[in-house]
Amino acid sequence: MPVILKIERPDGQRTAVWELKEDEYSLLDLASLSEADRGSFSKISNPGRRLEWLAVRVLLKEFYHLQPSIDYNENGKPILVNHNDKISISHSGRMVGISLHSSKSPGIDVEMLNPRIYKIANRFLSEKEKAGLGDTPSVEQLTVIWGAKEVMFKVYEHGGITFKDDFYVEPFAKSTKGSLMGIITKDNQTIHIPMEYMQIGDFMLVQTDYSQQDSEKN
């Protein structure tokens, strides 16, 4: 089974990443879908999206004996049906990841390391972040910041934000693994989002298990 990362922390956060190597029929067999999920799956036409959808359901089996179904709220955020745990999902290329927590709001983002990120950097980097990075930021550094802002977007419960103006990532160590702090400044509020990042081959994972109570302590 290509589960390339599985983390279960004492605070209750559970994370797993799957590397897609199977065909659709193999994943269908592994997923053991309910009739309701089979109906949802049949409505997906894009081949890549079908594989990602199945991989998420296979990952759920890593943590649940009775696999819950996934639905989406009015903001498009995934939720577990008839289950109190909270879920975050990410997929990029052949990598699919989920993060779960019983009380906090998990956020996960998996991104492929690609030089094309230089072309869009001005869209998500603030002037302060550019100054902190210097003249020659690496693909890895830019991907961590992009991933961190994706995570902040996933845990932020309100709309009307922009990655460049409302989200800020404090300077962090240039490494394959570490921690960082994201800051959301919006509507006279400042929210701190502690995160961690980890390079997995040619992908970068960023995640958090955010809670409003934790942010108020910062």
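Points worth noting:
- Lone unmet requirement of (1) closer than 30 Å to ALA36 by Cα; (2) assigned to a loop (DSSP other than H, G, I, E, B); (3) β-branched (Val, Ile, Thr) for ILE89: (2)
- Taken as a whole, the structure places ASP165 among residues that are within 28 Å of ASN188 (Cα to Cα), outside the structural domain of HIS83 (by TED's automatic domain parsing) and not hydrophobic (A, V, I, L, M, F, W, C).
- Pairs linking a residue in the stretch 197-210 that is closer than 16 Å to HIS101 by Cβ to a residue that is modelled with pLDDT of 95 or more and charged (D, E, K, R), with Cβ atoms under 6 Å and 6 or more positions apart or on different chains, are VAL206/ASP109.
- Helices (runs of 4 or more DSSP H) wholly inside the stretch 106-187 containing at least 1 residues that are farther than 24 Å from HIS91 by Cβ and out of contact with any Leu (no Cβ under 8 Å at 6 or more places or on another chain): 117-124, 127-133, 163-166
- Screening the stretch 24-53 for residues that are in contact (Cβ under 8 Å) with a residue 12 or more places away in the chain, of a type in the set (Asp, Glu) and more than 25 Å from TYR197 (Cβ to Cβ) and picking the one that is surrounded by the fewest Cβ atoms within 10 Å (Cβ to Cβ) gives GLU24.
- Candidate set from the stretch 1-33 (those that are basic (Lys, Arg) and out of contact with any Phe, Trp or Tyr (no Cβ under 8 Å at 6 or more places or on another chain)); member that is nearest to GLU62 (Cα to Cα): LYS6
- Number of the exception - ASN82 against (1) in a loop (DSSP other than H, G, I, E, B); (2) touching a residue at least 24 places away in the same chain (Cβ under 8 Å): (2)
- Failed item in (1) within 19 Å of the chain's Cα centre (by Cα); (2) more than 26 Å from SER34 (Cα to Cα), with LEU133 passing the rest: (1)
- Count of residues meeting criterion [outside any strand (DSSP E or B), within 19 Å of PRO194 (Cβ to Cβ) and of a type in the set (Gly, Ala, Ser)] in the stretch 92-105: 2
- Residues (of a type in the set (Val, Ile, Thr) and either over 18 Å from ILE108 (Cα atoms) or outside any helix (DSSP H, G or I) (or both)) located in the stretch 51-78: ILE70
- Selected residue (only one of GLU140, GLU129 is in contact with a helix residue (DSSP H, G or I) (Cβ under 7 Å, 6 or more places away or on another chain), over 24 Å from ARG50 (Cβ atoms) and assigned by TED's automatic domain parsing to the domain that holds GLY178): GLU129
The values are calculated or read from the model by the stated rules, or taken from the named source; none is laboratory data. This structure is a prediction, so every number in the text was calculated from the model and none was measured. Here the Cβ is made from the backbone with ideal geometry for all residues, glycine too, and neighbour counts use every protein chain on show.
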